[in-house]
Amino acid sequence: MRKVLILEDNRVTAQCIKKAVYELEEKSEIFVCDNLKDAYQHTVEKRIDLFVVDIILDTSRPGDASGLRFVERIRKIERYAFTPVIFVTSLEDSRL
C-alpha cells in the first residue's frame with residue numbers, strides 16, 4: 001500500500017486531489033494536511049511514497065512559496081531524497 005501525503009490549504013482542492021489519487025490506486029493510504037506542522041509530523045512518523053504539495057500555502061503573504069520550502073526541507077531527509085513530488089497551485093505568482 002502506497003502512502004501519499006497531500007499538503008493543500010484549500011479543502012475543496014485537497015478533496016479533489018484525494019479523489020484522483022483513489023481513482024488511480026484504491027489501496028493508497030492518503031494523508032491530507034492543510035498546514036506545514038501536520039505535514040512535517042506525518043513525514044517523520046510515516047514513510048511517504050508520494051507528495052502532492054501546493055506551492056502557495058499562505059495566500060495572505062505576497063510571494064509565499066512555503067510549499068517549495070517544505071520540499072526543500074524534506075529533501076534533506078535521506079529517505080526522501082528521491083521521493084516523487086507533484087507540485088500543484090491554483091494561484092499565479094509571477095516570481096515563481
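The values are calculated or read from the model by the stated rules, or taken from the named source; none is laboratory data. Keep in mind the model is a prediction, meaning the values are calculated, not measured. Neighbour counts are summed over all protein chains in view; Cβ atoms, including those assigned to glycine, are modelled from backbone coordinates with ideal geometry. With ligands, DNA and RNA removed, areas are computed over all heavy atoms of the protein, side chains included. Shrake-Rupley method; radii C 1.70, N 1.55, O 1.52, S 1.80 Å.
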Count of residues meeting criterion [assigned to a loop (DSSP other than H, G, I, E, B) and within 17 Å of F87 (Cβ to Cβ)] in region 8-29: 3
(1) crowded, with 17+ Cβ neighbours inside 10 Å; (2) without any contact (Cβ under 8 Å) to a residue 40 or more places away in the chain; (3) assigned to a loop (DSSP other than H, G, I, E, B) all hold for V32 apart from (3)
Residue under question is Y80, and the condition is that it be of a type outside the set (A, V, I, L, M) and exposed (fewer than 14 other Cβ atoms within 10 Å of the Cβ); does it hold? no
Anything in region 12-29 that is over 21 Å from S90 (Cβ atoms) and open to solvent by 50 Å² or more (accessible area, probe 1.4 Å)? List them, or say none. E25, E26, K27, E29
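Has region 38-45 got at least one residue that is touching a residue at least 40 places away in the same chain (Cβ under 8 Å) and either outside any loop (DSSP other than H, G, I, E, B) or in contact with a Phe, Trp or Tyr (Cβ under 9 Å, 6 or more places away or on another chain) (or both)?
No.
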Can you tell me which residues in region 46-67 are touching a strand residue (DSSP E or B) at 6+ places or on another chain (Cβ under 8 Å) and in a helix (DSSP H, G or I)? G67
Region 38-75, residues that are β-branched (V, I, T), open to solvent by 60 Å² or more (accessible area, probe 1.4 Å) and modelled with pLDDT of 95 or more: V44
